[in-house]
Structures are given as structure tokens and as C-alpha cells.
1. For the stretch 87-150, please list each of the helices (runs of 4 or more DSSP H) lying entirely inside it that holds at least 3 residues being basic (Lys, Arg) and more than 21 Å from the chain's Cα centre (by Cα).
2. Mind listing just one residue for me: the one in the stretch 160-189 that is in a helix (DSSP H, G or I) and of a type in the set (Gly, Ala, Ser) and, of those, surrounded by the most Cβ atoms within 10 Å (Cβ to Cβ)?
3. Quick check, is Leu157 touching a residue at least 60 places away in the same chain (Cβ under 8 Å), surrounded by 15 or more Cβ atoms within 10 Å (Cβ to Cβ), under 17 Å from the mean Cα position of the chain (by Cα) and under 30 Å from Leu62 (Cα atoms)?
4. Would you point out which residue out of Asn27, Asn73, Asn4 is assigned to a loop (DSSP other than H, G, I, E, B) and surrounded by 12 or more Cβ atoms within 10 Å (Cβ to Cβ)?
5. So the check is Cβ under 7 Å with 6+ separation or different chains; which pairs have a first residue in the stretch 9-38 that's in the same structural domain as Ile79 (by TED's automatic domain parsing) and a second one that's surrounded by 13 or more Cβ atoms within 10 Å (Cβ to Cβ) and β-branched (Val, Ile, Thr)?
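The values are calculated or read from the model by the stated rules, or taken from the named source; none is laboratory data. Since the structure is predicted, the reported quantities are computational estimates derived from the model, not experimental observations. Cβ placement follows ideal geometry from the backbone for every residue including glycine, while neighbour counts extend to all protein chains displayed.
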Amino acid sequence: MRNNFRVFFSLDKITKNGQVDWDEYFNHFVRDVLGLDEDTIHQLEQKPKSLSRDIKESVSRLKAAWSEAAHTNPDAVNIDEFLGLEHPESSHSFLTRRLDELMGKFDGDNDGKLTRQEYLLDPYKDLSAKELRARGKEFDEVLDKNQNAVADKKEILQFLDPKSQHWAKDEATTLLAQADKNKDMMVSMEEMFARADIFLMSKLVSADLSFHGEF
């Protein structure tokens with residue numbers, strides 16, 4: 001987070017207006033993050049459809065992340081929005097938005113808390129019996145820390161925090177389920193190489209990609 005200030009002000013150099021504009025960040029992204037040479041950058045500006053799929057997908061993900069972060073001005077980010085763009089796992093405003101979205105979805109009586117029953121009622125889809133059991137277990141074991149049958153905002157923020165240990169446990173369970181072909185509850189080197197795609201994008205190999213997106 002301390003380094004965030006240094007990077008922010010180093011990028012605010014074209015207009016020097018106390019914000020990082022889209023052009024400033026995009027120049028940084030294509031050169032420092034993607035490592036593109038000047039010819040490729042020129043090609044990106046003039047004939048973007050002619051570039052490789054990986055570059056086009058990275059730029060598309062960047063635009064989506066920028067749209068998510070730039071709330072006060074669609075063409076620039078302030079210091080906190082920049083933190084949310086670069087390090088969503090450390091941004092309080094990012095977590096607050098996630099909290100508001102979750103409460104808007106599940107808090108049926110608008111009391112600022114979630115009961116177990118509210119958490120089991122998804123307004124957008126019908127959950128199967130298996131999904132209901134999994135969500136009930138998640139509420140009991142992860143969300144409701146003090147076991148009083150109600151999850152308050154503090155508990156929900158801890159649950160949503162990308163650094164929370166339960167996300168790593170969930171990911172380990174998912175990796176095991178997808179890679180363990182012989183069902184011995186372990187992943188061999190051969191099984192891992194067979195599903196290299198899921199492991200390369202996991203926290204096991206790259207926490208940066210998992211937290212920050214597939215730039």
C-alpha cells in the first residue's frame with residue numbers, strides 16, 4: 001500500500017492533475033505490465049484486431065477493471081480508486097462496494113444484517129438441494145463467526161476479504177476436485193500437469209493473478 005503512492009504519482013505525469021488518467025495508465029500497462037515494444041503498441045493503436053488473442057484479452061480485462069474502479073470519473077482514477085485497480089485485495093472502497101452488492105441481493109428486510117434464511121434465498125436463481133446445503137454450511141462455518149445465527153456487516157466484510165483464509169480453502173477443494181482423476185484425495189505431478197491451466201491461474205502458483213486479474 002505504501003508503494004501504491006509512489007506508483008500513482010509516477011504515472012500522473014502527462015496532465016499532473018492529482019489523478020491517473022486512462023491514457024497515463026494505459027501507457028504504463030502496455031509497456032510495463034504487458035512488456036510490448038513500440039511497434040506492437042503502434043499496431044495496437046492502429047490495427048487492434050490484427051494482434052494476438054492474448055493481448056486483446058488482456059486489454060479487454062484491463063478495460064473491465066478500469067470501469068469497475070473509476071467511479072467518480074470514467075476517464076481517471078483517484079488514489080483510492082487506483083489502489084482498487086492495482087490491488088483490489090487491499091482496497092476498503094472495493095470491499096465496501098462488494099458488501100453493498102451482497103446486502104442488496106440478500107438482505108430482504110433491509111436491516112443491515114443477514115440471517116441464515118436470507119442467505120439461502122437467491123433472488124436470481126433456484127438453488128439445488130446440494131447448493132443449499134453448501135450455502136448453509138458456508139453461513140454456519142464461515143459467515144456467522146460468533147454463531148448467533150446472524151451475520152453483521154463486520155462478519156460479512158471479513159468473509160468478502162480476498163485475503164480471508166476460507167477462499168484459499170475453497171480454491172484448494174476446487175483444484176483437488178478437478179485434478180484428482182484417480183480419486184485418492186491427492187494430486188500427483190502428472191495430474192497437475194494434465195490440468196496445468198487451472199493451476200497456473202491459482203493462488204498456488206500466482207497469488208498476484210488471482211487477486212489482481214489475468215492482466
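1. Fully inside the stretch 87-150 and qualifying: 129-138.
2. Top of the filtered list is Ala179.
3. Numbers: touching a residue at least 60 places away in the same chain (Cβ under 8 Å): yes; surrounded by 15 or more Cβ atoms within 10 Å (Cβ to Cβ): yes; under 17 Å from the mean Cα position of the chain (by Cα): yes; under 30 Å from Leu62 (Cα atoms): yes.
The answer is yes for Leu157.
4. Asn73
5. Filtered contacts from the stretch 9-38: Leu11/Val20; Asp12/Val20; Gln19/Val77; Val20/Val77; Val30/Ile41; Leu34/Ile55; Leu36/Val30.
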